1. In square angstrom, rounded to the nearest 10, how much accessible surface does Lys96 have for a 1.4 Å probe?
2. Given a 1.4 Å probe and heavy atoms of the protein chains only, how would you sort Glu224, Glu180, Glu166, largest accessible area at the top?
3. I'd like the chymotrypsin sites (Phe, Trp or Tyr not before Pro) in region 302-360 restricted to DSSP loop residues with at most 12 other Cβ atoms within 10 Å, sorted by number.
4. Putting +1 on Lys and Arg Cβ atoms and -1 on Asp and Glu Cβ atoms, find which of Thr82, Met26, Ser186 reaches farthest to the positive end of the dipole of the chain.
5. Of all beta bridges DSSP finds with both residues in the chain, what is the antiparallel percent, to the nearest 5?
6. Note down the magnitude of the dipole of region 255-307 about its Cα centre, charges +1 on Lys and Arg C-beta and -1 on Asp and Glu C-beta and zero elsewhere, to the nearest 20 debye.
7. Among rounded, prolate and oblate, which fits region 1-133 when a ≥ b ≥ c are the square roots of the eigenvalues of its C-alpha gyration tensor, a/c under 1.5 means rounded, and a/b larger than b/c means prolate?
8. Using a Förster distance of 45 Å, how high is the FRET efficiency between Glu226 and His95, based on the Cβ-Cβ distance and rounded to 0.05?
Amino acid sequence: MTDASYMKHTLSIAAKARGMTSPNPMVGAVLVRKNKIIAEDYHRKPGTLHAEALAIEKAGRYAQGATLYVNLEPCCHTDKRTPPCTRTIINSGIHKVVIGMLDPNPKVSGKGVRELQHAGIEVTHGVLEDESRKLNEFYVKFITTASPFVILKVAMTLDGKIATPEGQSQWITGEKARKEVHRLRSHVDAIMTAIGTVKADDPQLTARIRGAHKQPLRIVIDPELEIPLNAKLLRTPPETIIVTRKTGHKTKNLEKSGIKMIYFKEKLELGWLMGSLAKQDIASVLIEGGSSLNAHALEDGIVDKVLFFIAPKIIGGRESVAAVGGKTFRKLEEAYRLHDTKIRRIGEDFLVEGYLTKNYGRTQHSHY
């Protein structure tokens, strides 16, 4: 097997912890000796031993002279709850380390490699780097920008509608597409919606799927605090955060009942909100809102990736609700553009996913 083959296996081991490690990255470690895997493991959740330490512990004395494959540069700093992995690697007698990508965390970024090299360990990095970066795209965005990775999810008809004029939207897509959304919910830290969706659909916004490792936080943008006190979001675990400019008895009562509040004064800038969420260690946000929120998220430049589930249905109607609304539109040459776009079939529906190109010109911010 080649370095790339072993790294591919390492990435598959790391991915077992998807949705469990935030705000930490997903990391797998594989120890190879005489062309055989002698130990492997992965980081499970914050505060627990890292993948390298777990694999070395499993290998015991057989780690001496082995090659370690790890998809992210081993940590070397002490500003955390677990010991630096570089010291564990050096003490184990490992003779070579193959790394998928350097850690973008400034506390590590290249320092871990240098520490290993200074100890006489051969180090190779950049093996399946693109795949390693994509696996931990939430972490990379969070650690380099102090802002969460944002996914915009839309379920629409073939003619671009997300609801009838009367607000009927359940269900546009089929069961398999809805299961895929529940799976995605279990991978992110938070789901963000707006009060219009809450009033229209009374959603739970939970991951109702077998094997879900966690439930995401729910964030409701509700400037005038219109949320009904019997809304499912207020009565169903886990935590709900309301973003509002209103204060008074209702906010105090909600806070007493365990609902968190984020206050803004006049207009809500979504970039500011993302920074506020990052301070609470929210590293990824899935937007499941309506036409207006979708437009604001794009206009404020917070979206990193889009997932458009398209049902082979046509409902028509000038007054039917478009997937992306807003008061303004873009000329064709200024349209939001995607890259690394993929299309796949999910049951009877189609999923178009891609990353938003960030070099488009923004002339203004939108606000609530």
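1. Accessible area of Lys96: about 40 Å².
2. Numbers: Glu224 75, Glu180 35, Glu166 160 Å².
In descending accessible area the options line up as Glu166, Glu224, Glu180.
3. Details: sites: Phe308, Phe309, Phe329, Tyr336, Phe350, Tyr355, Tyr360; in loops: Phe329, Tyr336, Tyr360.
Filter output for region 302-360: Phe329.
4. Thr82
5. Numbers: 25 of 61 bridges.
Around 40 percent of the beta bridges assigned by DSSP in the chain are antiparallel ones.
6. Numbers: 6 positive and 8 negative charges, 43 e Å.
Charge dipole, region 255-307, about its Cα centre: 200 debye, nearest 20.
7. Numbers: a/c = 1.26, a/b = 1.13, b/c = 1.12.
Note, shape of region 1-133 comes out rounded.
8. On the way: r = 63 Å, r/R0 = 1.41.
Step by step, r from the Cβ atoms, then E = 0.10.
The values are calculated or read from the model by the stated rules, or taken from the named source; none is laboratory data. The shown structure was predicted, so the numbers you read here are calculated from the model rather than taken from an experiment. Glycine gets a Cβ as well: all are built from the backbone with ideal geometry, and neighbour counts include every protein chain shown. These area figures cover heavy atoms from the full protein model, side chains too; ligands, DNA and RNA do not enter into them. Shrake-Rupley method; radii C 1.70, N 1.55, O 1.52, S 1.80 Å.
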